[in-house]
Amino acid sequence: SQELEQSPQSLIVQEGKNLTINCTSSKTLYGLYWYKQKYGEGLIFLMMLQKGGEEKSHEKITAKLDEKKQQSSLHITASQPSHAGIYLCGADLEGSNYKLTFGKGTLLTVNP
Amino acid sequence: DTAVSQTPKYLVTQMGNDKSIKCEQNLGHDTMYWYKQDSKKFLKIMFSYNNKELIINETVPNRFSPKSPDKAHLNLHINSLELGDSAVYFCASSQGQGRVYGYTFGSGTRLTVV
């Protein structure tokens, strides 16, 4: 099974709506990165969380790492078409040996 | 200044050819990585080097050979290219040992094998 599960796999929302993407691990997370990727482009770093309970915001995007450090959520408030893309979580997992393990991504479509 | 730079950005080549992708980081990081992103956008680790030493070698065919001449460079050479090698290859770097601090990705190399 996947070490890092992202949900949902895809999401279609109307512009202006709020949405949440989850990233759940079967192991302790030592660092959790959120990236956004537009079609055919590179990875855009959004934010990185390390401490249990930590919450960071960038413009209308907020990410949290839960206290037990096994799940992170990414919340977008008042979504806009510019938020559309693939959201990827990558985590430094217990026993990971220098690498980030990625979820399979969430494809977000925002309809105007 | 680009922190992690990869060249080329696009690479189209025929089956059976040998090609290289170069990666350089100017962040002073100790660890560098190669990831492969398949057509379903799943990113998977291929190799990791720490101070020029191979740390991770996932189940990647022997046709793929990474080379790290110094800790700022990690190149990927691919022999006898196959159709299934078509993907986007990302280089990344991080600092520190044991935990992946300051993880930074390059902009990717889109390899198309025809």
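Are there any chymotrypsin sites (Phe, Trp or Tyr not before Pro) in the stretch A:1-94 that are in a DSSP loop and have at most 11 other Cβ atoms within 10 Å? List them by number.
Working: sites: A:TYR30, A:TYR33, A:TRP34, A:TYR35, A:TYR39, A:PHE45, A:TYR87; in loops: A:TYR39.
In loop regions of the stretch A:1-94 (DSSP not H, G, I, E or B), the sparsely surrounded chymotrypsin sites (Phe, Trp or Tyr not before Pro) are A:TYR39.
Considering only protein heavy atoms and a probe of 1.4 Å, how much of the accessible area of chain A is carbon and sulfur, as a whole percent?
Working: 2550 of 5420 Å².
Carbon and sulfur together cover 47 percent of it.
Between the stretch A:23-79 and the stretch B:20-43, what is the separation of their alpha carbon centroids in Å?
Value for the Cα centre distance between the two parts: 20 Å.
Ballpark to the nearest 100 Å², how much total accessible area do B and A bury together, probe 1.4 Å? Don't skip to the end; give the middle numbers.
Values: alone 6510 and 6430 Å², together 10910 Å².
Buried: approximately 2000 Å² between A and B.
Over chain B, what is the relative contact order in percent, taking alpha-carbon pairs closer than 8 angstrom and at least six residues apart? The partial results should precede the final answer.
On the way: 288 pairs, mean separation 41.3, N = 114.
The normalised contact order for chain B reaches 36 percent.
With +1 on the Cβ of every Lys and Arg and -1 on the Cβ of every Asp and Glu, and nothing else charged, how large is the dipole of chain B about its Cα centre, in debye rounded to the nearest 20? Walk me through the numbers on the way to the answer.
Details: 13 positive and 10 negative charges, 45 e Å.
So the dipole magnitude of chain B works out to roughly 220 debye.
Using the Karplus curve 6.51 cos²θ - 1.76 cosθ + 1.60 with θ = phi - 60°, what ³J(HN,Hα) values do you get for each residue of the stretch B:6-18, in whole Hz, with x for Gly and Pro?
Couplings: 10, 9, x, 7, 10, 8, 10, 8, 8, 3, x, 6, 10 Hz.
Would you please state which residues of the stretch B:11-38 a label at B:SER80 would reach in this model, taking the label point 7 Å out along Cα→Cβ and a backbone N cut-off of under 17 Å?
It comes to B:14-20, nothing else.
Given the pairs A:LYS68/B:LYS71; A:LYS51/B:LYS41; A:LYS69/B:LYS22, which are separated by over 31 angstrom at their Cα positions? Don't skip to the answer; put the middle values down first.
On the way: A:LYS68/B:LYS71 35 Å; A:LYS51/B:LYS41 28 Å; A:LYS69/B:LYS22 35 Å.
Check vs 31 Å cut-off fails for A:LYS68/B:LYS71; A:LYS69/B:LYS22.
So, counting K/R as plus one and D/E as minus one, what does the shell of residues with Cβ under 14 Å around B:LYS71 add up to?
Values: positive: B:LYS52, B:LYS67; negative: B:GLU24, B:ASP30, B:GLU53, B:ASP70.
Residues close to B:LYS71 contribute a combined charge of -2.
Per residue, how much accessible area does chain A have with a 1.4 Å probe, in Å²?
On the way: 5420 Å² over 112 residues.
With all protein chains present, chain A gives 48 Å² per residue.
Taking the simple approach of a point 7 Å from Cα along Cα-to-Cβ for both A:GLU55 and B:ARG63, what is their distance in nm?
Those two pseudo-labels are separated by 5.0 nm.
Within 15 Å, Cβ to Cβ, of B:LEU54, how many net charges do the neighbouring residues add up to if Lys/Arg are +1 and Asp/Glu are -1?
Details: positive: A:LYS99, B:LYS52, B:LYS67, B:LYS71; negative: B:ASP30, B:GLU53, B:GLU58, B:ASP70.
In short, 0.
The values are calculated or read from the model by the stated rules, or taken from the named source; none is laboratory data. Treat the numbers as computed from the prediction; the structure is a model and nothing was measured. Cβ: placed from backbone, ideal geometry, glycine included. Neighbour counts: every protein chain shown. Ligands, DNA and RNA are stripped out before the accessible areas are found, and what is left, the full protein with its side chains, is counted by its heavy atoms. Shrake-Rupley method; radii C 1.70, N 1.55, O 1.52, S 1.80 Å.
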